[in-house]
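The structure appears right after this line, and notes come after that.
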Amino acid sequence: MYGAIKALLLAIGSGIYPANVIFQAYQNNYPLPQNSQYIIMTQGDTKSISLMPGYLYDATNEIDNFFNIDATDFQVDFYGNPASAQANLFRLILQTSYGTEILSTYGVYVYEVKKQRNLTSNFDRDMYLQRFNVKFSLFNDNTFTPSSLGFIPSAIDNLYLVEVQI
């Protein structure tokens, strides 16, 4: 899902935030840019938004399919002078068909978008570094297909047709 969010950020970024200043949370081995313009993406909890796992049997291919819809919370923090405008734009794009088209290529869709928050603090490293964040949830359809053996005629050496009368 990080790939989908990063693709959306790059699509709307207009070069303000290039790919090398968009970080996943907990990547502590990357030095922060000197110009203080960067983005940090953080994944939160994942919750099931369907009542129970679904089941679908594909009779043609003799395959069991189990599926469940999950929603994952994310937070994207924008830092630097363009943070407010870019957070506003990102929040808007998340709720449009343009954003949906980009995210759907990764198999995820927007579930919920919360209001933008101003987290600017005078205790940040550069004093008054602008920080705005957007919290949202993405949902995806998790599908599990166990590998199970069905009826394989070639596995039987001596197969005889038997007429049964009742």
Q. Within the range 95-137, restricting attention to residues that are part of a loop (DSSP other than H, G, I, E, B) and under 17 Å from K6 (Cα atoms), which residue is modelled with the lowest pLDDT?
A. G107
(Q) Between a residue in the range 15-26 that is within 15 Å of Y2 (Cβ to Cβ) and part of a strand (DSSP E or B) and any residue that is of a type in the set (D, E, K, R) and modelled with pLDDT of 80 or more, which pairs come within a Cβ distance under 8 Å, given they are 6 or more apart or on different chains? (A) I22/K6
Q | Residue under evaluation D70, criteria (1) modelled with pLDDT of 85 or more; (2) among the acidic types (D, E); (3) over 15 Å from F136 (Cα atoms), criterion not met | A | (3)
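Residues are listed down the side, and each one gets a yes or a no for (1) part of a loop (DSSP other than H, G, I, E, B); (2) modelled with pLDDT of 85 or more; (3) within 23 Å of S104 (Cα to Cα):
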residue: A7; (1), (2), (3): no, yes, yes
residue: L10; (1), (2), (3): no, yes, yes
residue: Y30; (1), (2), (3): yes, no, no
residue: S50; (1), (2), (3): yes, no, yes
Q: Could you list, in sequence order, all residues of the range 52-86 that are in contact with a strand residue (DSSP E or B) (Cβ under 9 Å, 6 or more places away or on another chain), more than 26 Å from A7 (Cβ to Cβ) and either of a type in the set (K, R) or not in a strand (DSSP E or B) (or both)?
A: M52, P53
Q: Report whether or not Y79 is in contact with an Asp or Glu (Cβ under 8 Å, 6 or more places away or on another chain) and aromatic (F, W, Y).
A: no
Q. If you check every pair at least six apart or on different chains, which have Cβ atoms under 7 Å apart with a residue in the range 61-74 that is farther than 18 Å from K114 by Cα first and a residue that is surrounded by fewer than 16 Cβ atoms within 10 Å (Cβ to Cβ) and acidic (D, E) second?
A. N65/D58; F67/D141; I69/D141
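The values are calculated or read from the model by the stated rules, or taken from the named source; none is laboratory data. These numbers were taken from a predicted model, which means no experiment stands behind them. Positions of Cβ are backbone-derived with ideal geometry, glycine not excepted, and every protein chain shown enters the neighbour counts.
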